[in-house]
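J.: To start, I am sharing the structure in question, which I have written as structure tokens.
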Amino acid sequence: MRVAYRFVFFLPSAVLLLAATAGPAAADDRPAKEVKPHFYKRVVVLAVGINQFHSKGIGPLTQAEADATAFADFVEKQYGYKADRLLGKKATREAIEEKLAALEKDLGPEDALVIYFASHGHAFDLDVKKFGVKRVGYLIPTDADLNLNDVSDPARWEQEALNMQTLVDRLEKMKAHHVLLIADTCCSGFLTKRGGLEAPEARALLVNKSRTVLAATTQREKAKEGVFTPALLALLKQYADDRDVVCVTDVFQQLLHTVPDKSKGTMTPQLAQVGEGDGELLFIPLAVPEESVKPVEDAVRAGKEDIARLELVRGVFDRARKRAGRKTTLAAVVEAAEAPGYWFGGDAADEAQRWERVRDRFAENAAWGDPLAMAGLHFCYARGLGEKEPKVNAAEAYRWARAADAVAKPAGVGRYLLGRCYQYGLGVTENPTTAAKLYEESAQLGFLLGRVAVAEVRLRGEPTAADAATAKKWLEEAAEAKVPAAHLLLADAYSSGRLGLTKDTSAALKHYNAAADLESARAQFFLYQVYSGAQAGVADKDLKVADKNLRAAAGSGFQEAQLTLAAEYYQKEWFVARLRLKQDYVEARRWAEPAAKQGSREAHKLLALLHARGDGTPFSSEKAKFHYDESTDHGKALDVQWSIKLTRILSDEVIKRMK
């Protein structure tokens, strides 16, 4: 398993985990003399690369040493960094520890550090009750006496390899202002605490300390050699050639596109902030004239707040503001949570493409550490959004719930998503008790959808007066935030008089209308029932309003609405019609078919009748029998009267056609 960890400290408080693979630069490309980097007193690079290992249980790599050399050569030449190379047999655990100890002692608050590590890396799960942690990750030095396939002795791994968490903690305590860790390795995303899409304050970005981690993969992905480092160096070279200044997040944003593409989707770079600092490393090429850098240095020293307007760094802050403007909103998550079954609606192909684009946007924002984007991905995978047919991916839904649960802000998102996993058995064994507990935790942390979930449980149960009042308050807050489910629950509460509310049909209708305006198919179908007269005493009949709402719900793929619209056109047997539409068997079939695909037995009955009589479709005893079988749950739930009726119709039609 390939692990390349590279630590780079450019601005005083950035730890960046990056990964890249590229061929070594020629020795004569190095600067003839030491050059001071722009902005920083010193930028020191420790480049570690290991191809061969002492243990037979650790397979060789082919490019790690070349990657480390290429990285060191490049940053020396293009940025004026001072690089120390620790390659091959020299990269023992003791040697690496000694280098780190020397850096801890030598680097000061005006310096930056970059550590580039190209080697094997490994992460595995532990018994949390026994060891106190659930998962650990390690970087492998050349002399590690280990077998990558044997994790039975965690103490041995702790002794022989470099614990990733310990390393990050160590870097965080260094005096260097910015610290950047770059890792091209399997599992390099281990321990990354997600960053975000917030727009930085200009002076804070340059002045404040930071510890940033940029990883080549997630903590469970394998890294391919020759993917990340070449992409990284090609990107930095492009900026250097253009004399353009970039920050770590600029680099990450582009790697998010190039690395998954070059790895055929098997590698997903990760960005993380470690510690409390919110500064960030800037890559300033030596080719940039000193007279362009000096105004920025002067502005930082003078404590000016208008740094973002200076020419040298204007692009950095413009890009940052643009990123901040694309954060995932709660409304986008709610849309994914409540999206109707478009596969059975009128615009299935267009909607599948639209949701595929939405899912891709969620994925990109999730890589930035946006927990709401992770929630969006959870719903996409839990419901099959973005697919041409309903295809649930429970494992991915659970993975993104766990990822969101590792993010601190906004609080409660992950707890809510994990609650859904346990409620519906997504990637875990269904457990209503655990689900309820997680929903409560999410609600107490303040996440709106968690509060809606808890309010629904209380609405269906027997809550105390205090709990009922809290549930009502939470639902009103969610309704104000335009969450359709909250409007529906409030409508139910007003209809039933629960949660301490007085029964009020007009208030219930108000919330149903609000949910319908937010394109809730369930609310639209209820309004059809109200205005068609099926729900007496709620509102006066209005068949135009009823028709409009029924078609909206059916067109979005709502099964019950599709069956009802089919019945409105069929107007025979026991299928009730209220809208006074013109009888149309073709339309009846058109709406019954998608309802039947969603498992509606009544829709199968209607289709069986159409095919048995040849109404709006050619007579077919074979298709009639098929839909008959589906209507009786494949013969398990036999309806004798229905069976006799269809058999009689088929017999009559066969005789009629014989005459």
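J.: Dipole of the chain, Cα-centred, from +1 at each Lys and Arg C-beta and -1 at each Asp and Glu C-beta, to the nearest 20 debye?
T.: Result for the chain is approximately 1260 debye, rounded to the nearest 20.
J.: Continuing with the same structure: Relative to the longest principal Cα axis of the chain, at what angle does helix 311-324 sit, 0 to 90 degrees, rounded to 10?
T.: Orientation of helix 311-324: about 30 degrees from the principal axis.
J.: Hey, another quick one. Could you state how much accessible area GLU98 has, in square angstrom rounded to the nearest 10, with a 1.4 Å probe and all protein chains kept in place?
T.: 110
J.: What FRET efficiency would be calculated for the residue pair LYS623, ALA536, taking the C-beta separation as r and a Förster radius of 41 Å, to the nearest 0.05?
T.: Efficiency, from the Cβ-Cβ distance: 0.60.
J.: Give me the distance in nm between label points sitting 7 Å out from Cα along the Cα-to-Cβ direction at ARG309 and ALA349, one decimal.
T.: Inter-label distance under the simple model: 5.3 nm.
J.: Roughly speaking, what is the stretch gain from ALA469 to ASP241, that is 0.36 nm per residue apart minus the C-alpha to C-alpha distance, in nm to one decimal?
T.: Stretched out fully, the ALA469 to ASP241 stretch lengthens by 75.8 nm.
J.: Could I ask something else about it? Could you give the angle, 0 to 90 degrees to the nearest 10, between helix 640-658's Cα long axis and the longest principal axis of the Cα atoms of the chain?
T.: Taking Cα atoms only, the helix is inclined about 70 degrees.
J.: How would PHE526, PHE71 line up by accessible area, probe 1.4 Å, largest first?
T.: My answer, sorted largest first, is PHE526, PHE71.
J.: Of LYS237/LYS327; LYS77/LYS99; LYS623/LYS645, which ones are farther than 26 Å apart at the Cα?
T.: Among LYS237/LYS327; LYS77/LYS99; LYS623/LYS645, the Cα-Cα distance tops 26 Å for LYS237/LYS327.
J.: Under 19 Å from a point placed 7 Å out from the Cα of PHE124 along the Cα-to-Cβ direction: which residues of segment 56-95 have their backbone N that close?
T.: Hits in segment 56-95 for PHE124 at 19 Å: 56-60.
J.: Using r as the Cβ-Cβ distance of ASP633 and THR502, and R0 as 35 Å, what FRET efficiency do you calculate, to the nearest 0.05?
T.: 0.25
J.: Using Cα pairs closer than 8 Å and at least 6 residues apart in sequence, work out the relative contact order for the chain, in percent.
T.: So the answer I get is 10 percent.
J.: Distance in nm between label sites at ARG135 and LYS391, each 7 Å beyond Cα in the beta-carbon direction?
T.: Once both label points are built, they end up 2.5 nm from each other.
J.: Subtract the Cα-Cα distance of GLU297 and LYS544 from 0.36 nm times their separation in residues, and report this length gain in nm to one decimal.
T.: 82.0 nm
J.: Which label belongs to the value computed from this structure, given these candidates for volume of the Cα convex hull per residue in Å³: (1) 209; (2) 257; (3) 283?
T.: Only one option fits the structure, namely (1).
J.: What FRET efficiency comes out for ALA331 versus LEU581 if R0 is 41 angstrom and r is the Cβ-Cβ distance? Round to the nearest 0.05.
T.: 0.70
J.: Still on this structure: For the pair ALA287 and SER55, how long in nm is the line joining their label points, each one 7 Å along Cα→Cβ?
T.: 4.4
J.: Under 22 Å Cα-Cα from LYS503, which lysines qualify once same-chain neighbours fewer than 8 residues away are excluded?
T.: LYS472, LYS473, LYS541
J.: Using 0.36 nm per residue of separation minus the Cα-Cα distance, give me the extension gain between LYS572 and ARG220 in nm, one decimal.
T.: 120.9 nm
J.: Which pairs break 23 Å Cα to Cα here: LYS56/LYS90; LYS82/LYS175; LYS82/LYS222; LYS209/LYS262; LYS224/LYS388?
T.: Beyond 23 Å: LYS82/LYS222; LYS209/LYS262; LYS224/LYS388.
The values are calculated or read from the model by the stated rules, or taken from the named source; none is laboratory data. What you see is a predicted model, and the numbers here were worked out from it, not measured in a lab. Backbone-built Cβ (ideal geometry, glycine too); neighbour counts: all protein chains shown. Side chains are part of the model used for accessible areas, which takes the heavy atoms of the whole protein and leaves out ligands, DNA and RNA. Shrake-Rupley method; radii C 1.70, N 1.55, O 1.52, S 1.80 Å.
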